[in-house]
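Here the structure is laid out as structure tokens; the discussion comes afterwards.
The values are calculated or read from the model by the stated rules, or taken from the named source; none is laboratory data. Bear in mind that the values here come from a model prediction, so they are computed numbers and not experimental data. Positions of Cβ are backbone-derived with ideal geometry, glycine not excepted, and every protein chain shown enters the neighbour counts.
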Amino acid sequence: MFYTMNIVTPAEGKKDRVQELLSHLVSEVEKNEPEALAFYASWVADVGVFYVIELYAKPVERREESYTAELRRICREEHNLAKKVEVQVLSKFAGFSR
């Protein structure tokens, strides 16, 4: 399994817009990427960031689909992010799914 955690920090006043964009991204990944086993976006209010967790059966190249490129373009043009998205590859050592 291949996991990543993306930390997305919205700019001040942009939380709702970033949430809207991430919700759309999740929908597009679900429709267009059958190799994605799980793809979640969560808001962590205490620190003011979104965590986007991706799970694939095997490592994948960074996606360059039209919807991913569009998301980056919109965020850049609208100044939606306070800083660059942090991408961390996770190594699972314990856990389970039901």
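The table below gives the values:
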| read-out | value |
| --- | --- |
| All positions within segment 37-77 that are in a strand (DSSP E or B) and of a type outside the set (Phe, Trp, Tyr) | Leu37, Ala38, Ala41, Ser42, Val44, Val49, Val52, Ile53, Glu54, Leu55 |
| All positions within segment 43-57 that are over 16 Å from Thr9 (Cα atoms) and surrounded by 15 or more Cβ atoms within 10 Å (Cβ to Cβ) | Glu54, Leu55, Tyr56 |
| Residue within segment 58-71 that is touching a residue at least 60 places away in the same chain (Cβ under 8 Å), over 23 Å from Gly95 (Cα atoms) and exposed (fewer than 14 other Cβ atoms within 10 Å of the Cβ) present | no |
| Residue check for Lys83: assigned to a loop (DSSP other than H, G, I, E, B), over 15 Å from Tyr3 (Cα atoms) and modelled with pLDDT of 90 or more | yes |
| Enumeration of residues in segment 25-36 that are surrounded by fewer than 15 Cβ atoms within 10 Å (Cβ to Cβ), part of a helix (DSSP H, G or I), out of contact with any strand residue (DSSP E or B) (no Cβ under 8 Å at 6 or more places or on another chain) and not basic (Lys, Arg) | Ser27, Asn32 |
| Residue count for segment 8-24, restricted to those that are part of a loop (DSSP other than H, G, I, E, B) and either closer than 18 Å to Thr68 by Cα or in contact (Cβ under 8 Å) with a residue 12 or more places away in the chain (or both) | 4 |
